[in-house]
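Reading through the structure tokens given below for one structure.
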2 protein chains.
Amino acid sequence: MEQAKKILKSHNLKITPTRIAILNVFLTEKNALSASQIKKNLIIEFDRITLYRTLLTFETKGIIHKISSPDGIVRYAICTDNCPAEQHNEKHLHFYCYKCGKIYCEEDTDISGIQIKSGFYIESIQIIAEGLCKDCYKN
Amino acid sequence: MEQAKKILKSHNLKITPTRIAILNVFLTEKNALSASQIKKNLIIEFDRITLYRTLLTFETKGIIHKISSPDGIVRYAICTDNCPAEQHNEKHLHFYCYKCGKIYCEEDTDISGIQIKSGFYIESIQIIAEGLCKDCYKN
DNA sequence: AATCTAATGCAACAATATTGCATTTGCAAA
DNA sequence: TTTGCAAATGCAATATTGTTGCATTAGATT
């Protein structure tokens, strides 16, 4: 069975063409994607509303996680850490290149050095570094 | 001279009722605010477009800084560190409460321990912790 | 007070997102 | 294999957020 179907099954989600198509986009592209970027990469056509709802479903189930970048566009990326539903512990860093607009997931970044004062009940931490990626720096 | 006027003067900006009103909202409310939240707190009425443009001006001049929160809404907060124009070095952490939607600026948080692998030219880092604030945790 | 530049307002538009409801479809049980 | 139900999707309508061009107004300097 293909990977997309496996993921859906393991999260108790019905297998539909829409969901498989969206999942395959995430499995192919490693960088975080916005709704419109996902739509462009889809091999089948369907309603924009369905895309929003599917992304929400995936996020709730812990298949993907949301990233809000400095440009204000919400992007999504597939969870590598097998997040439990509704509780993402993405401990890695995202890098946003302000020139090409890409978001890179940097898995192996150590963020254990961050301290926060008491009074807050932290469930997840998201770090976004902004700057230029290698390709854009060259040009 | 009131504080708002001082800030405008020191950044070579013309003193207008709009700008003073917006600045006063930031000076009163310490949490980060979205465009619509700012609009609600304003004592005078003016065009929505002016608000966007004023926020952009303030950001460019280093008076406020943009924060993209997990809910996808862009918020702004006043800079405490006297940022140089166009280059914000907000080294502090933001805390986003997913219940009340508030964003708290945690000034005295040390984030210097973060390491990132080479290949990226980082200009700024933004950290958003997500969870429940004290008030929302109680209820 | 005059003048020039910057700020604002208006109109139009574009992108993004949400909600309700009718219809279709996946899938499990009969 | 067929049936039935809950879930998924599509459609329509609407809300929110943000942008651009251009005419008008207002701040600050002389």
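Derivation of every value follows stated rules applied to the coordinates shown; laboratory data play no part. Just so it is clear, the structure is predicted and the values come from calculations on it, not from any experiment. Every residue, glycine among them, receives a Cβ derived from its backbone with ideal geometry; neighbour counts consider all protein chains shown.
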Summing +1 per Lys or Arg and -1 per Asp or Glu among the other residues with Cβ less than 12 Å from A:Val25's Cβ gives +3
Taking θ = phi - 60°, what integer Hz values does the Karplus form 6.51 cos²θ - 1.76 cosθ + 1.60 yield along region A:8-24, in sequence order, with x for Gly and Pro? 4, 4, 5, 10, 6, 10, 5, 8, 10, x, 4, 5, 5, 4, 5, 4, 5
Sequence-distant residues sharing a close amide H with A:Gln126 (under 5 Å, placed H): B:Ile128, B:Ala129, B:Glu130
List the residues whose amide H sits under 5 Å from the amide H of B:Ser69, counting only those 5 or more places along or on another chain, with H placed 1.01 Å from N in the peptide plane. B:Arg75
Would you tally the net charge around A:Ile38, using a Cβ to Cβ cut-off of less than 10 Å, leaving A:Ile38 out, and scoring K and R as +1, D and E as -1? +2
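Between A:Thr28 and A:Lys134, how high is the FRET efficiency from 1/(1 + (r/R0)^6) when r is the Cβ-Cβ distance and R₀ = 22 Å? Nearest 0.05.
Working: r = 21 Å, r/R0 = 0.96.
Computed FRET efficiency for A:Thr28 and A:Lys134 comes out at 0.55.
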